[in-house]
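See below for the structure under consideration.
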Amino acid sequence: MAGGPSGRDAGDDPEVVEQGAFVDINITPLVDIFLVLLVILMASSTALLEAGQGEGAGFRVQLPSGQKSDEVKPGGHELVVAIASDGVVIFRGEERGLAELEELFKEEAAKDPERLVLVQADENTFHKRVVEVMEMARRSGLRNLAIATKPEN
C-alpha cells in the first residue's frame with residue numbers, strides 16, 4: 001500500500017493539499033497598500049509645505065516675532081515674497097533680481113492693484129532690503145502690503 005494505514009496516498013488527503021496551497025506568501029496586496037500610503041504621504045506633505053506660502057513659494061525663512069494685529073488670512077491670491085538672511089529675494093519659488101521683481105510687480109498690478117503683497121523676511125535680513133521690496137511694490141501700483149511675523153510666545 002502506497003499511503004498510510006487507510007490505503008490512501010498523501011495527495012488524496014484534503015488536509016495535506018490545503019496545507020501545501022499556502023506555502024508562498026502573496027505580498028502584492030501589501031506592496032499595493034504601501035504604494036498608496038506613499039502617494040498619500042507625498043501629496044499631503046507637499047500641501048502642508050506650501051500652505052500659507054502663496055503661489056509657487058515654499059522657501060522657508062525665520063520670521064521675526066511680533067505682537068498680534070489684524071491677521072492676514074491666506075487665500076491663495078497674495079503675492080508672497082521671501083527675503084533670505086543674505087538679502088536674496090525669492091518670488092514664486094525662484095531667486096529674482098530687483099529689476100525683474102519690479103517688472104513682475106507691474107504685471108500683477110495691471111491685473112489687480114488690490115492684490116496683497118506679503119513679505120516674509122528672515123529675522124536676520126537687513127531692514128533696507130525689506131523696505132526696497134515694499135517700496136518697489138508700491139511704486140508698481142500694488143496697494144496692499146503686509147509683513148509676515150510669527151506670534152510671540
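To keep it simple, each residue is scored yes or no on (1) closer than 19 Å to His77 by Cβ; (2) of a type outside the set (Gly, Ala, Ser).
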residue: Leu98; (1), (2): no, yes
residue: Leu101; (1), (2): yes, yes
residue: Phe105; (1), (2): yes, yes
residue: Ala110; (1), (2): yes, no
residue: Arg115; (1), (2): yes, yes
residue: Met134; (1), (2): yes, yes
residue: Ala146; (1), (2): yes, no
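Only one entry of Gly87, Gly3, Gly52 meets the criterion of being farther than 20 Å from Asn144 by Cα, surrounded by 10 or more Cβ atoms within 10 Å (Cβ to Cβ) and modelled with pLDDT under 55, and that entry is Gly3. Here is the figure for the stretch 99-153: residues that are in contact with a Leu (Cβ under 9 Å, 6 or more places away or on another chain), surrounded by 15 or more Cβ atoms within 10 Å (Cβ to Cβ) and acidic (Asp, Glu) total 3.
Among residues belonging to the stretch 100-153 that are in a loop (DSSP other than H, G, I, E, B) and closer than 13 Å to Val80 by Cβ, point out the one that is nearest to the chain's Cα centre (by Cα). Full working, then the answer.
Step one: filter the stretch 100-153 for residues in a loop (DSSP other than H, G, I, E, B), giving 112-115, 122-126, 140-143, 148-149, 152-153.
From what is left, the residues that are closer than 13 Å to Val80 by Cβ are 115, 142, 148.
On the way: Arg115: 22, Leu142: 26, Ala148: 18 Å.
Top of the filtered list is Ala148.
Count, please, the residues in the stretch 87-145 that happen to be basic (Lys, Arg) and touching a residue at least 24 places away in the same chain (Cβ under 8 Å). Walk me through how you get there before you give the answer.
Step one: list which residues in the stretch 87-145 are basic (Lys, Arg), which gives 92, 96, 106, 111, 115, 128-129, 138-139, 143.
From the residues that got through so far, the ones that are touching a residue at least 24 places away in the same chain (Cβ under 8 Å) too are 92, 106, 115, 129, 139, 143.
The total comes to 6.
The values are calculated or read from the model by the stated rules, or taken from the named source; none is laboratory data. Only a predicted model underlies this, so the values are computations on that prediction, with no experimental measurement involved. Every residue, glycine among them, receives a Cβ derived from its backbone with ideal geometry; neighbour counts consider all protein chains shown.
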